[in-house]
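Attaching a single structure in C-alpha cells format; questions to follow.
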Amino acid sequence: MKIGELAQASGVAASRIRFYEAQGLLPNAQRQSNGYRDYDDDALTRLGLIRRAQNAGFSLDEIRTILPPDLKAWPHDKLLEVLRRKVGEIDALERNLAASKRSLIALIDAIEHRQEGEDCEAASQRVLACVRGGEDGEDSASPSTPEMPVCAPARKSA
C-alpha cells in the first residue's frame, strides 16, 4: 500500500510514517518503479504497536529496542523484562504524582482556611512560609517533592 493509504488506515500522518522509517522503527519500504513507497501489512501492524507503546509511556528509543525485525519472532524474555520495568516506572510515577497531589491539596487547604482575625498579609506570609518550607505551618516534606512541603492547615481560633 502507498504511504497515503497506510496513513489513512493507521491514523498516523505520512510525515510521521517517514520519520519512523528514518528512525528505524519501520523497515524501509519497497520502492515502486515511480519511486513511491510500497508498504506491506506488517507496516500497519508496526504502526499500531508503536502507537500503543507510546500511549503506554514508552519512548521511541525503548520501542526500537523491543520491536523485532520479524514480528513473528518476538524475544519474549526481553519483552517481558522491558514491560515489567515500564510497569515499575509507572508505579513510581503514580507514587510521585500522589505525593504531589497531597502537597497541592494541603496548600489549597492552607490558603482557603485562614485563621479567624488573620489579615491578608499574615495569611500570605503563612502560606509563603509553607511553600518555602519555612517554620510556620510546615510538616515534613515528602522525599519525592522536597520543593513543596505538606503544610498543616491553619488552626481556626475558638
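The values are calculated or read from the model by the stated rules, or taken from the named source; none is laboratory data. Note that this is a predicted model, so its numbers are computed, not measured. Backbone-built Cβ (ideal geometry, glycine too); neighbour counts: all protein chains shown.
Could you please give the count of residues in segment 50-78 that are over 20 Å from the mean Cα position of the chain (by Cα) and either surrounded by 12 or more Cβ atoms within 10 Å (Cβ to Cβ) or in a loop (DSSP other than H, G, I, E, B) (or both)?
10
Which condition does residue 74 not pass, out of (1) over 30 Å from residue 3 (Cβ atoms); (2) modelled with pLDDT under 85, if it passes all the others?
Among (1) over 30 Å from residue 3 (Cβ atoms); (2) modelled with pLDDT under 85, the lone unmet condition for residue 74 is (1).
Please give the number of the condition residue 84 fails out of (1) in a helix (DSSP H, G or I); (2) more than 16 Å from the chain's Cα centre (by Cα); (3) surrounded by 12 or more Cβ atoms within 10 Å (Cβ to Cβ).
(3)
Take the residues in segment 26-49 that are among the small types (Gly, Ala, Ser) and part of a loop (DSSP other than H, G, I, E, B); name whichever of them is nearest to residue 13 (Cα to Cα).
Filtering first and then ranking leaves 29.
Which members of segment 87-126 meet the condition of being farther than 30 Å from residue 63 by Cα, surrounded by fewer than 14 Cβ atoms within 10 Å (Cβ to Cβ), of a type in the set (A, V, I, L, M, F, W, C) and free of Cβ contacts under 8 Å to residues at least 40 places away in the same chain?
Across segment 87-126, the qualifying residues are 105, 108, 120.
Of all residues in segment 50-70, count the ones that are of a type outside the set (A, V, I, L, M) and touching a residue at least 12 places away in the same chain (Cβ under 8 Å).
7
Of all the residues that make up segment 6-41, how many are exposed (fewer than 14 other Cβ atoms within 10 Å of the Cβ) and under 30 Å from the mean Cα position of the chain (by Cα)?
Within segment 6-41, residues that are exposed (fewer than 14 other Cβ atoms within 10 Å of the Cβ) and under 30 Å from the mean Cα position of the chain (by Cα) number 9.
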